[in-house]
Amino acid sequence: MAGALERRGRRWLVWSFLACPCHLPWTLALLGSMLGGTVLGGLLREHTVVAGLLVASTWLAGTGRGFWLVRKGQRGELVCAVPPSPGSPGAGHIRLRASRWVRGERRSIRDST
């Protein structure tokens with residue numbers, strides 16, 4: 001599961017690289033050619049600064065999310081063990097016990113009534 005988080009983070013980084021502000025002239029030219037003759041193309045032409053800020057913020061958010069996922073995947077965080085289903089082998093060997101702390105000592109939920 002940790003490898004999947006790391007791969008997902010790397011995909012975020014690759015897609016964010018495409019939205020990098022250093023590629024902004026190419027990004028705006030591509031968007032302008034794709035949206036030419038439409039209302040969105042007109043908005044893009046009139047508000048290039050807003051479009052640039054939107055592309056830059058998308059890059060920043062995507063890069064941050066990518067690095068965060070890669071870091072969590074490498075550390076093994078955000079990964080939880082799933083207990084086996086009742087019919088699977090080894091299901092009877094796991095005992096979960098509900099407890100809570102009361103005045104500095106640990107007590108079972110059943111004892112606290």
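The values are calculated or read from the model by the stated rules, or taken from the named source; none is laboratory data. Just so it is clear, the model here is predicted, and its values are computed rather than measured. As a convention, Cβ positions derive from the backbone with ideal geometry for all residues, glycine included, and neighbour counts pool all protein chains shown. The protein model used for the area step is the full one, side chains on, heavy atoms only, and it has no ligands, DNA or RNA in it. Shrake-Rupley method; radii C 1.70, N 1.55, O 1.52, S 1.80 Å.
Residues in the range 54-59 carry Karplus couplings, in order, of 5, 5, 5, 5, 5, 4 Hz; the curve used is 6.51 cos²θ - 1.76 cosθ + 1.60 with θ = phi - 60°, and Gly or Pro positions show x.
Run the accessible area of the range 16-69 with a 1.4 Å probe and give the carbon-and-sulfur part as a rounded percent. Carbon plus sulfur share of accessible area: 78 percent. Under conditions of 25 °C and 0.890 mPa s, the range 1-60 yields 194 µm² s⁻¹ as its translational diffusion coefficient, taking Rh as the Kirkwood radius over Cα pairs in the Stokes-Einstein equation.
The residues of the range 5-53 expose, per residue, 76 Å² of accessible area to a 1.4 Å probe. Sorting the segments 28-41, 5-18 by their mean number of nearby beta carbons within 10 angstrom, highest to lowest, gives 5-18, 28-41.
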